[in-house]
Amino acid sequence: MIAALALAAALSASPTAAELQSLLAAARVDAARVRDIRCEVLGDPTEHRCDWRQKSAKGRWETWSAILARDGGRWILIDTPGRASRP
């Protein structure tokens, strides 16, 4: 019972900044140009929207976002990172 509760808690936790940065690096986003990462759960506790500030080629900090989902014991991107529709 305790193991099941621990697993459920681990699966509902938000992605860490390191996990998101790893996924972004795989999507060819320079982690050095990323800051202020914030993730929030969507309707399904295994899906999260993550927002972050990303430095543009022109040197401006812009808000970007992506949707992540829990796939077993790891997080995966389920859409392409892009500019956020909200600040």
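Just so it is clear, none of the values below were taken in a lab; they were calculated from the coordinates. Keep in mind it's a predicted model, so treat the numbers as computed, not measured. Cβ placement follows ideal geometry from the backbone for every residue including glycine, while neighbour counts extend to all protein chains displayed.
Shape class for the stretch 2-83, computed from the alpha carbon gyration tensor (a ≥ b ≥ c): prolate, with a/c not under 1.5 and a/b above b/c. The distance linking the stretch 24-39 with the stretch 52-77 is 6 Å (Cα centroid to Cα centroid, whole angstrom). Subtracting the Cα-Cα distance of ILE78 and ALA57 from their residue separation scaled by 0.36 nm leaves 5.1 nm. Taking the charge dipole of the stretch 2-83 about its Cα centre, with +1 at Lys and Arg Cβ atoms and -1 at Asp and Glu Cβ atoms, the residue from THR80, PRO15, ALA31 reaching farthest to the positive side is ALA31.
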